[in-house]
Protein chains: 2
Amino acid sequence: MADITPVLERADANLPKSLDRLFDLVRIKSISTDPAFKAECHTAAEWLVAELNALGFTASVRETPGHPMVVAHHVGARANAPHVLFYGHYDVQPVDPLNLWDAPPFEPAIREIEPGRKVITGRGTSDDKGQLMTFLEAVRAYKEVNDALPCRITILFEGEEESGSPSLKPFLEANAAELKADYALVCDTSMWDSETPAISAGLRGLVGEEIVIKAADRDLHSGYFGGAAANPIHILTDILAGLHDETGRITLENFYDGVEETPAQIKAAWDTLGQTAEKFLGQVGLSIPSGEKGRSVLELTWARPTAEVNGITGGYTGDGFKTVIAAQASAKVSFRLVGKQDPAKIREAFRAYARSKVPADCSVEFHPHGGSPAIHLPYDSSLLNTAKMALSDEWPKPAVVIGMGGSIPIVGDFQRMLGIESLLVGFGLSDDRIHSPNEKYELASFHKGIRSWIRILDALAA
Amino acid sequence: MADITPVLERADANLPKSLDRLFDLVRIKSISTDPAFKAECHTAAEWLVAELNALGFTASVRETPGHPMVVAHHVGARANAPHVLFYGHYDVQPVDPLNLWDAPPFEPAIREIEPGRKVITGRGTSDDKGQLMTFLEAVRAYKEVNDALPCRITILFEGEEESGSPSLKPFLEANAAELKADYALVCDTSMWDSETPAISAGLRGLVGEEIVIKAADRDLHSGYFGGAAANPIHILTDILAGLHDETGRITLENFYDGVEETPAQIKAAWDTLGQTAEKFLGQVGLSIPSGEKGRSVLELTWARPTAEVNGITGGYTGDGFKTVIAAQASAKVSFRLVGKQDPAKIREAFRAYARSKVPADCSVEFHPHGGSPAIHLPYDSSLLNTAKMALSDEWPKPAVVIGMGGSIPIVGDFQRMLGIESLLVGFGLSDDRIHSPNEKYELASFHKGIRSWIRILDALAA
């Protein structure tokens, strides 16, 4: 293992231009969930391919029925060096409500939000463009200094992560031989705090479902028909309100099948992190845990399943008032899964429950939006321990192994379809406002993220 | 009482031009609830003033803090003829969702929807521009034939009926002496069916209320925060779902104070109308009464109070899916009142109930949107009987005295502030799709409505 100091120094020297490149990528409005931005998603993929080819990869835009994949290959320095598959996604979340942004979401900028603390602002800076660019810039520094890479690297960038990844499984299936590696590096997660890097060993699964209740064949006047005609908003709110009991548990039949209590030693390790409801919720203006009673916020967000209504609409929602009984109402509902909960069974349990609440003269429609089981990685693999040490060399505090509330379905797909485990390392912070107005990424996350990948790649090749 | 045949014939001859005038008025986009259409509301008022002055009235646009009133006066033929106050409203409901209209809402047209049955299509054709124009065209025919009117007439047209009439009470108070008459004629109601005219003797009151639940200070990622952070959509759906018990009764404290059972002889009279749930709900694609169990649809819509959610919104409602926990969620809720239910007490009961359901780290805001008690007119007045006979002369079947599900707060305001009773006669049909896409008014309603007012004015003057 060569001295990596020159590579780290090169990364430091490159930083201004690394930021320019990130800004170029953030300016591309690659919102995957909104068809209006389809061309911009393609542009982002093309931009990445050009960057990768310039770095010596063999890269290409790979069309799918949705937004394209980017695949790139680079040989390693030594024949026996490991082969890693790096994954990130170039698509971003929608930006509404636009009026809550302090600056236009696709005009990235550096802001000093407190003395000595600079952040990069803009949609996608943290989720996931800033994160994936840490890896590309690590590769760049390595190549510039050594004219070679320590590992053989395959890259897969997706453009549908924020919209349920409909093309991913077919693509992995069709290209399994090409994408197969020794393990995957996935950069779409967070640090424990700004000084403590984290490796995520547990990821909740996700079931997304849209429900549409239809009643009368038109909007009705609530004076003429009110009291006699079915109101689809009432039916919908009744269904949604019934999803939780008074203890915060989810009421769907057999919902908790496959959910196990977190082992005592894991809970004890989490307790040492010093997290509290006041601290965790205080950062967003709340203080009282809302889910299952009697559990810590780390348990609630890392190790317990949820049912959340992510959106609801029906009837008149403009200014003023309209005395209407709507013809239909709809909601987007998601379930976070843990343990061995089966996404298909959870979806079916929700549908059966909802159907049971719909009067015979009304109807219900369901539209699935993605489903993936939870992932739990072994706490004791050498991959994980190597990365843990490399990260601990870079950051003020040692790396910790944590759970994660979010869902990264790719990890399960890599397990099942490529037969490889994933190392989940990312440099986001919990206050990055991903999926919200005013998303940001710490400048330190970007800079030290680049340096972290240099160290990790070097350690993996040793 | 002179022979009115020449006046009726003049109305028949005028019909094509009467329709032209109605179309001119419908083309004005006077949506009172949306501030974007403020200028159009003013234009509608000016248009009416010009028409009334041309008819020999002394008419003027009367500014208010909201949309203007139109007031006009015309002397009667004889000194002892009654003095009537005619009321209608020139404002209309919003037109969303626009894509459900078969033709642009503000481009009125005549369509033959079945052989021999023509309708006038467009927003406001039935509610209330077509209705108020029946009276103006009756006046026109009368003036053209007799150069005089049978009664002294004052006209009041309002421009805020669809947005809670905020300026009405102050205007009535400030102009009570000018607007005082022997009684009011209000044309904003429906017929029993296309052959049977109706006089409405009962009107439900209305309380409109917007509720906004606020939780975190920003939209949250449902992966990071889900299970621990309060979801305002859950709080809102819980509040709304709890408004009704399993028998369809409303759960608010003391909600039914002042609600009396309908007298047996009134119910018996209603039973002779042959209304059924299948017929009433079948016209809009439904079949099962949704409100309080064990009551007829006429009772449910004429004599029982309701709680309806007229609109709800929160979180991500666009295409695709967004795993967000919203910062806030809101709903528009209205209560239809009967008997002596007190709008202020109902509003306060709703607010107290909602507040009791909001966690301590979240907040709730309320925005009132109008409130008026129910109105019940005596079934045996001479005014009502005179109108009943005049209407029965015009239409195929005798006029019936009915209840009404909708709210016309003006009737209570006239009672309280001018000390006069109202005669509620209108020519709408229950399938006119008022407040919905594809609003229409029967051509027969317009034509025979004009002729009906000629007969009523003549009978009142006799």
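FYI, it's all coordinate maths here, none of it is from the lab. This one's a predicted model, so the numbers in the text were calculated from it and none came from an experiment. Quick reminder, even Gly has a Cβ in these numbers, built from the backbone with ideal geometry, and neighbours come from all protein chains shown.
A cut-off of 5 Å between modelled amide H atoms, ignoring neighbours fewer than 5 places along the same chain, links B:GLU439 with B:GLY122.
Against chain B, whose longest principal axis is taken from its Cα atoms, helix B:232-241 shows a tilt of about 60°.
Give me the net charge for the shell around B:ASP102: Cβ to Cβ below 13 angstrom, other residues only, Lys and Arg +1, Asp and Glu -1.
On the way: positive: A:ARG218, B:ARG111, B:ARG123, B:ARG433, B:LYS440; negative: B:GLU107, B:GLU439.
Spelling it out: positives minus negatives among the neighbours equals +3.
Between B:SER392 and A:SER356, what FRET efficiency comes out of the Förster formula 1/(1 + (r/R0)^6) with R0 = 45 Å and r the beta carbon distance, rounded to 0.05? The value I calculate is 0.35.
With the label put 7 angstrom out from Cα along the Cα-to-Cβ vector, A:ASN80 ends up 12.4 nm from the copy partners, going from closest to farthest. FRET efficiency for the pair B:ALA77 and B:ASN99, taken as 1/(1 + (r/R0)^6) with r the Cβ-Cβ distance and R0 = 56 Å, rounds to 0.65. Each residue of segment A:146-153 is assigned a 3J(HN,Hα), and the resulting list reads 10, 6, 7, 10, x, 10, 6, 10 Hz, derived from the Karplus form 6.51 cos²θ - 1.76 cosθ + 1.60 (θ = phi - 60°), x at Gly and Pro.
Simple spin-label estimate for B:ASP319 and A:ASN53 gives 2.9 nm between the two label positions (7 Å along the Cα-to-Cβ direction from each Cα).
Per-residue Karplus couplings for segment B:127-135, computed as 6.51 cos²θ - 1.76 cosθ + 1.60 with θ equal to phi - 60°, are listed in order as 10, 9, 5, x, 5, 5, 6, 4, 6 Hz, Gly and Pro entered as x.
Take the Cα pairs of segment B:220-331, get the Kirkwood Rh, then feed it into Stokes-Einstein at 20 °C and 1.002 mPa s and tell me D in µm²/s. All intermediate terms of the calculation are to be shown ahead of the outcome.
Values: Rh = 17.4 Å.
Rounded to a whole number, D works out at 123 µm²/s.
For peptide B:429-436, the mean count of partner chain Cβ atoms within 10 Å of a residue's Cβ comes to 5.
Taking all Cα-Cα distances within segment B:97-186, those exceeding 18 Å account for 64%.
The P(r) of segment A:21-96 has a tail past 19 Å containing 41 percent of all C-alpha pairs.
Charges were assigned to the Cβ only: +1 to each Lys and Arg, -1 to each Asp and Glu. The resulting dipole of the protein assembly as shown about its Cα centre is roughly 280 debye. Taking the square roots of five times each eigenvalue of the Cα gyration tensor of segment B:201-260, the equivalent ellipsoid has semi-axes of 35, 14, 8 Å, listed largest first. The C-alpha atoms of chain A define a longest principal axis, and helix A:5-26 lies at about 40 degrees to it.
Mean separation of Cα pairs under 8 Å and 6+ residues apart, divided by the residue count of chain B: what relative contact order is that in percent?
It comes to 25 percent, rounded to a whole number.
May I have the pair-distance distribution P(r) for segment B:27-69, computed from all Cα-Cα distances with 5 Å bins from 0 and rounded to whole percent? Per 5 Å bin, starting at zero, the Cα-Cα P(r) for segment B:27-69 comes out as 5, 26, 28, 21, 14, 5, 2 percent.
Sort largest first and round to whole Å: the equivalent ellipsoid semi-axes of segment B:1-133, each the square root of five times a Cα gyration tensor eigenvalue.
Details: eigenvalues 157, 107, 23 Å².
Working from the Cα gyration tensor, I get semi-axes of 28, 23, 11 Å.
How far is it, in nm, from the label point at A:GLU178 to the one at B:GLN415 when both lie 7 Å from their Cα along the line to the Cβ? With each label point 7 Å from Cα toward Cβ, the separation is 7.8 nm. The residues A:ILE199, A:ILE420, A:ILE325, B:ILE213, when put in order of fewest to most other Cβ atoms within 10 Å, stand as A:ILE420, A:ILE199, B:ILE213, A:ILE325. The alpha carbons of segment A:343-462 occupy a box of 66, 38, 20 Å along the principal axes, longest dimension given first. Once Rg and the Kirkwood radius are both taken over the C-alpha atoms of segment A:317-376, their ratio Rg/Rh works out to 1.11. Across peptide A:231-241, the average count of Cβ atoms from other chains found within 10 Å of a residue's Cβ is 6. In the calculated pair-distance distribution of the protein assembly as shown, the portion above 47 angstrom amounts to 38 percent of the Cα-Cα pairs. Near B:ILE325, the amide H atoms lying under 5 Å from its own belong to B:LEU220, B:HIS221, B:SER222; only residues 5 or more places off or on other chains count, and H is placed 1.01 Å from N.
According to the Kirkwood relation over distinct C-alpha pairs, the hydrodynamic radius of segment B:369-420 is 13.0 Å. Each residue of segment A:291-302 was assigned a 3J(HN,Hα) from its phi angle through the Karplus curve 6.51 cos²θ - 1.76 cosθ + 1.60 (θ = phi - 60°); the sequence is x, 4, 5, x, 10, 6, 5, 5, 4, 4, 9, 9 Hz, with glycine and proline shown as x. Computed over chain A, the P(r) curve from all C-alpha pair distances, binned at 20 Å from the origin, holds 23, 55, 20, 2, 0 percent per bin. Put the Cα centre of segment B:247-316 next to the Cα centre of segment A:106-181 and the gap is 58 Å.
Across peptide B:33-39, the mean count of Cβ atoms from other chains lying within 10 Å of each residue's own Cβ comes to 2.
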